[in-house]
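One structure below.
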Amino acid sequence: ADFVRPMPTHPIQAGPTLLGGEQPVICSPLVGKNLKAIKAEAKTVKALNPDMVEVRADYWDFIEDTDKAIEALQAIRNIIGDTPILLTVRVAEERGFKKVGQKPKFDFYKKAAALKLPNLIDVELVYGADTIKNLKKDLNGVPVVVAYHDLKGTPSSEEIANILKKEIDAGGDVAKIVVKPNSQADVLRFLNGTLEFRTKNPAYPVIASASGQEGRITRLAGGLFGIDLTFASGVKGSNPWQMPVQTVQEINKVIYPVTKK
Ligand SMILES: O=C1C[C@@](O)(C(=O)O)C[C@@H](O)[C@@H]1O
C-alpha cells in the first residue's frame, strides 16, 4: 500500500482545504497593522497560494472597533476568494502583538462568524471550558481551534497529549499547542506528545509547532507525528521560525507524497 501519514479520522473541510488530509495544511499569517498594509499583504499572500490564511487581528490598529474590524476582514475575504481563513486575536500573554479586551475580541468573533467570514476561529485554553463553550454557542457553527502556548519550554509527552485532550473537552474542534524546545530531546518529546494524542484521540485535527532553531524541523516533519497544519511566512511571518510558503510547499511534496487514487 502507498505510504500515508497518521491522519485524523474526522478531518475538517475548510473551503477547498481539508484540515487532516494527506498533506499538512500550509497556513500563512497576515500581520499587517493598518487597512492599507493588510490589503497589500493579502494580495501578495494570495499569489503564493497557501492552503489557508491566518488573520492575526491582534496586530490591527483598530481591532477594538468591531465595525472597522469586520470591514477589514471582509476586505481580506474579497481579496483571497475561497482561501480559508483562520481568525486569531492572540492574547498578549501568549505572544499576541498587544493587549486586546475580551469583549471587543469576542464581539468581533461573533459578528465575523455570523457573516461566515472565517472558516475557523482560534481561542486560547486559558479562558477555560465554560467561557469557550459559551462563546461557541454564538459562533454560528464555525469550528473552533483551542490553543495553548508554552513560550519557554516543552511539557512532557504525556502532558502535551493531556493539554490537547483538554482543549477538545473545552469545546475545541481542533486542538493546538505551540512549545519552545531547548534541546533536541525536547523536540522528540514534543513530537511524541502530538503522536500520542493522535493515537489516543484519532478523531481530531491538531495544529502544533515548535519555536527556535531546534524546533524548526517540526514545521516540516510534524505531519508524520500527528500535526495537521504548519505555519509558513508570506510577506512577514508571525513567528521568526516560520519558513517561506514556497519552501514548505516543495518539502511537503517530498515528505507527504499524495497517494494515487
Ligand atoms: O499560535 C500560532 C503559532 C505561531 O506562533 C507559530 O509558532 O508559527 C504562529 C501564530 O500566528 C499562530 O497563531
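The values are calculated or read from the model by the stated rules, or taken from the named source; none is laboratory data. Computed from a predicted model, the values in this text were never measured in an experiment. With ideal geometry, Cβ positions are generated from the backbone for all residues, glycine too; neighbour counts draw on all protein chains shown.
Selection of first residues in the stretch 88-112 that are within 18 Å of residue 240 (Cα to Cα) and of second residues that are surrounded by fewer than 18 Cβ atoms within 10 Å (Cβ to Cβ) and at pLDDT below 95, restricted to Cβ pairs under 9 Å at least 6 apart or on distinct chains, gives the following pairs, ordered by first then second residue: 95/239.
Return yes or no: is residue 247 modelled with pLDDT of 95 or more and either away from the ligand (no atom under 16 Å from the Cβ) or surrounded by fewer than 23 Cβ atoms within 10 Å (Cβ to Cβ) (or both)?
Details: modelled with pLDDT of 95 or more: yes; either away from the ligand (no atom under 16 Å from the Cβ) or surrounded by fewer than 23 Cβ atoms within 10 Å (Cβ to Cβ) (or both): yes.
When the stated conditions are applied, residue 247 passes them.
The number of residues in the stretch 223-244 that are of a type in the set (Gly, Ala, Ser) and more than 11 Å from the ligand (Cβ to nearest atom) comes to 3. Residues in the stretch 52-70 that are more than 16 Å from the ligand (Cβ to nearest atom) and among the aliphatic types (A, V, I, L, M): 69, 70. When the stretch 70-79 is filtered for residues that are surrounded by 20 or more Cβ atoms within 10 Å (Cβ to Cβ) and free of Cβ contacts under 8 Å to residues at least 40 places away in the same chain, only 72 remains. With respect to (1) of a type in the set (D, E, K, R); (2) buried (at least 23 other Cβ atoms within 10 Å of the Cβ); (3) out of contact with any Phe, Trp or Tyr (no Cβ under 9 Å at 6 or more places or on another chain), the lone exception for residue 253 is condition (2).
In the stretch 196-218, how many are polar (S, T, N, Q), in a loop (DSSP other than H, G, I, E, B) and more than 15 Å from the ligand (Cβ to nearest atom)? Don't jump to the end; show me each part of the working.
Step one: of the stretch 196-218, the residues polar (S, T, N, Q) are 199, 201, 209, 211, 213, 218.
Imposing the further condition that a residue be in a loop (DSSP other than H, G, I, E, B) reduces the set to 201, 211.
Still in the list and also more than 15 Å from the ligand (Cβ to nearest atom): 201.
Residues that pass the stated criteria total 1.
Checked against (1) touching a Ser or Thr at 6+ places or on another chain (Cβ under 8 Å); (2) part of a helix (DSSP H, G or I), residue 122 passes all but a single condition, namely (2).
Out of everything in the stretch 74-93 that is of a type in the set (D, E, K, R) and within 27 Å of residue 46 (Cα to Cα), what residue ends up being nearest to the ligand (Cβ to nearest atom)? This residue is 90. Among the residues of the stretch 103-124, those that are crowded, with 18+ Cβ neighbours inside 10 Å, more than 15 Å from residue 63 (Cβ to Cβ) and either modelled with pLDDT under 95 or not aliphatic (A, V, I, L, M) (or both) comprise 119, 124. Residue 61 satisfies every condition listed in (1) crowded, with 17+ Cβ neighbours inside 10 Å; (2) acidic (Asp, Glu); (3) closer than 23 Å to residue 91 by Cβ except (1).
Taking the stretch 236-261, which residues are part of a loop (DSSP other than H, G, I, E, B) and either out of contact with any helix residue (DSSP H, G or I) (no Cβ under 8 Å at 6 or more places or on another chain) or closer than 23 Å to residue 149 by Cβ (or both)?
First pass over the stretch 236-261, keeping only residues part of a loop (DSSP other than H, G, I, E, B): 236-242, 256-261.
Those that are part of a loop (DSSP other than H, G, I, E, B) and either out of contact with any helix residue (DSSP H, G or I) (no Cβ under 8 Å at 6 or more places or on another chain) or closer than 23 Å to residue 149 by Cβ (or both): 236, 237, 238, 239, 240, 241, 242, 257, 258, 259, 260, 261.
For residue 250, state whether it is closer than 20 Å to residue 153 by Cα and among the acidic types (Asp, Glu). For residue 250, the condition - closer than 20 Å to residue 153 by Cα and among the acidic types (Asp, Glu) - is not met. Taken together, 177, 168, 160 contain a single residue that is within 19 Å of the chain's Cα centre (by Cα), buried (at least 17 other Cβ atoms within 10 Å of the Cβ) and more than 16 Å from the ligand (Cβ to nearest atom), which is 168.
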